[in-house]
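To start, the structure itself, in C-alpha cells.
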Amino acid sequence: MSGAASAPLMRIETVSKRFGGFTAVDGVSLQIGAGEFFALLGPSGCGKTTLLRMLAGFEMPDEGGIWLDGENIAEVPPHLRPVNMMFQNYALFPHLSVEANIAFGLKRAGLAKDEIAARVAEMVALVRLQGLERRKPDQLSGGQRQRVALARALARRPRLLLLDEPLAALDKKLRAETQAELIQVQRRLGMSFIIVTHDQEEAMTLADRIGVMNQGRLVQVAAPRTLYERPDTRWIAGFVGEINLFAGQVMSQGSGCVTVATPSAGVLRVAGEVAAGQAVTIAVRPEKLSLSHDMSSGEVNAQPGEVVDADYLGGFTRYRVKLAGGDVVQVARANAAGSEVAFEAGQQVMVSFAPEDAVVLTQ
C-alpha cells in the first residue's frame, strides 16, 4: 500500500459543519495521500459520515476548504467532482442487470457505446463477476451485490473513492474475504480510498492510516500499529481495542522510565518521560500481560491476583484476573497447538508486564 509519505491528493483545512445548534464536524484538518487507503474511525454520531458527505459534495461545509489536486472543490457539485461514493446499502437499481447497473453512470456521462462496453467488461473482470452480467440484484448474494456497487463506483475512474461502511451488511467470514478483495482492487488501481467505519478491526485491516474522530473532532491520525501500540489519549486507548488502565501519580523519572504509584496495582515502572508529581494513566493491552503460577516472582510490575474466569476463544484464551488491590484486568494468552487451559478460575497467579509494553498517558 501507499501511505501518507506520498504526494497529498486531498487537503481538508479547518472544515466545520453545523446543523442548527449542533456541530457535526468541528475544525477538521487532514491530508490524504495519492494512492492511500485511509479510514475514518469513530463511534456513532462522531461526524465521520458527515465529513465523508462533504468530500462527496452532498453537504457543503460552513467553514474551511477542501482541495483536490490543488483545486478548492468545497462548492463544486457532486457530479462535477472526480470523486465517487459507495453507499452502505449499495443503492443498486433492482430492475437493472449487473452490467446495466455498472454502465448507468457512464451513460449519464455521455460516453460512447463502445467505450461503455469496454469499461463495463473491465470492471466486471476487476471485481470477478464474469458470468453474472445478466443477473438482477435479487439474484445475487450479498457479497456479489457489494462487488457490483464497487464496480459501478469505480467505472467512471474517479480520483478518489469514498466508502460509507460498505461491508456492514455482510457476515463475518464474507466480510473478511471482501476486505481482502478491496485491498487488492485498491492496490491494482493505485487509487485513493477513504472508508468510514465503526469497526476497529476493519479499519486496521484495510487502512494505511486511520483517523479517529470523536464529537466532531479528529483526535488522532496514525498508522494502525501506532494507533494501537501508542495511543495519544486515555479515550483513544479505551476506544481502540481492549485495554487495562491504571490511574496513578509519577513518583520519579529517570533513565527513560517513570515510576508510578497506583492505588490498585501498586508501584509500576514504565518506559516514558513524565515529570514527577504528574497524574498519569498507565495503559497495557491484554496480550502484553503475562501470567505465572510462581507467586514468588521478583519481576518488575508483578502483582498477585486471582483468576475470575477463563474464556477459550479459539486462537487465544481471555482471562479476567482480580488483583490484590481490587481491580479486574484482562489477560490474553495465545493457545499453542495441543495445549490445555493453563489457568482456571479460583487459582492464585502473578500478573506482570515489561516496562516497554505499557504506555504512559497524560490526558
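Some points to look at:
- With 0.36 nm allotted per residue and the present C-alpha distance subtracted, the Glu344-Arg11 stretch has 114.6 nm of extension available.
- Residue-averaged 222 nm ellipticity for the chain, from DSSP H runs of 4+ at -39500 (n - 2.57), nearest 500: -7000 deg cm²/dmol
- Label-point separation in nm, Glu306 to Ala354, each point 7 Å along Cα→Cβ: 3.2
- Paramagnetic reach from Asp171 (point 7 Å along Cα→Cβ, amide N under 12 Å) across the range 126-163: 142-143
- Förster radius 45 Å - calculated FRET efficiency between Arg128 and Glu63 (Cβ-Cβ, nearest 0.05): 0.55
- Note on the range 242-361: dipole from Cβ charges, positive end direction compared against Met295, Ala261, Val351; the farthest Cα belongs to Ala261.
- Modelled FRET efficiency - R0 25 Å, Arg18 with Gln88, Cβ distances, 0.05 increments: 0.60
- Distance from the range 344-358 to the range 148-196 (C-alpha centre basis), Å: 41
- Dipole magnitude (debye, nearest 20) for the chain, charges at Cβ of Lys, Arg, Asp, Glu: 1320
- Cβ-Cβ FRET estimate between Glu201 and Lys107, R0 fixed at 56 Å, reported to 0.05: 0.90
- Listed cross-link partners Lys48/Lys173; Lys113/Lys172; Lys173/Lys322; Lys17/Lys173 are compared with a 28 Å cut-off, the Cα-Cα value being larger for Lys113/Lys172; Lys173/Lys322; Lys17/Lys173.
- Shape of the range 1-138, Cα gyration tensor, a/c cut at 1.5: prolate
- Gain in span if fully extended, Leu80 to Ser252, counting 0.36 nm per residue against the direct Cα distance: 56.0 nm
- Protection proxy ranking for 66-73, 307-314, using the average of other Cβ atoms within 10 Å per residue and placing the highest first: 66-73, 307-314.
- Spatial separation of Cα centroids for the range 34-73 and the range 246-275, in angstrom: 40
- Prolate/oblate/rounded label for the range 209-328 (Cα gyration tensor, a/c 1.5): oblate
- The distance between label points at Ala117 and Arg225 comes to 4.9 nm (points 7 Å beyond Cα on the Cα→Cβ vector).
- Distance in nm between pseudo-label sites at His95 and Glu299 (7 Å out along the Cβ direction from Cα): 6.7
- Tensor-based shape of the range 263-361 (alpha-carbon gyration tensor, a/c under 1.5 rounded, otherwise prolate or oblate): prolate
- Summing Lys and Arg as +1 and Asp and Glu as -1 over all other residues whose Cβ lies under 13 Å from the Cβ of Val98 gives a net charge of +4.
Just so you know, all these numbers are worked out from the coordinates, no wet-lab data involved. Values in this document were obtained by computation on a predicted structure and should not be read as measured data. Methodologically, a virtual Cβ is constructed for each residue, glycine included, from the backbone with ideal geometry; neighbour enumeration extends over all protein chains shown.
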